[in-house]
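The values are calculated or read from the model by the stated rules, or taken from the named source; none is laboratory data. These figures come from a predicted structure and were not determined experimentally. Note: areas computed on protein heavy atoms with side chains; ligands, DNA, RNA excluded. Shrake-Rupley method; radii C 1.70, N 1.55, O 1.52, S 1.80 Å.
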Amino acid sequence: MIHVKPADLNRRFQGYDEQEKTKELSKCILDKLKSIKLKKCSACNSLATRENEIISWPKYMFIRDESAPTGAKEMLTFPTSLELSDDKTYYIQGRVNSLARTGHHFTSVGIIPNNGSLFLAEIDNLSGAMNIIKSEDRLQAEMMLVQNNLYPVFLCYRLGLK
């Protein structure tokens, strides 16, 4: 699980277009995966960088947006994909949205492949109803996941499945 604070990122990304925001968010998430830290070396007292080496990539990546429960005014718009290296791209697969900042009412939306076609399934925790939206176009389904005015809580990205 990767935690992001969108309010901090929004200030950092002011004036960026969507493509630049996606690139910077991808870099930020890669840095979190590698856990890059700058520390003082105990042996020589100089600054040293510690970085985890990624030897295998997770199939799914979950990102938690920490702004919804804090009452942050700015919500981060998450991209449909995250390019973490030249050959590692994650595509949005699902999202949990809070309909209220308190988190007591939420919806879960996910892209579900079915025999060559796609559909979005949306589940509302209070009504218990499932809404099915059929889509033949993967990009259209991805855009439906990222374009709404709800409070994102968790996002799920899947490695390399377009």
Checklist entry - Which of the aspartates and glutamates could be linked to residue 134 by a straight reach, that is with a Cα gap under 12 Å, when you skip same-chain ones fewer than 8 residues away? => result 122
Next on the checklist: Keeping all protein chains in place and using 1.4 angstrom, which order do 16, 151 fall into by accessible surface area, from largest down?
Outcome noted: 16, 151
Checklist entry - When the accessible area of region 103-160 is computed with all protein chains present and a 1.4 Å probe, what percentage of it is carbon and sulfur? => result 56 percent
Checklist entry - Which of the aspartates and glutamates could a cross-linker bridge to residue 59, judged by Cα under 17 Å and excluding same-chain residues fewer than eight apart? => result 83, 86, 87
Item to check | J(HN,Hα) series, region 106-113, from Karplus relation 6.51 cos²θ - 1.76 cosθ + 1.60, nearest Hz, glycine and proline x | outcome: 9, 10, 10, 10, x, 8, 10, x
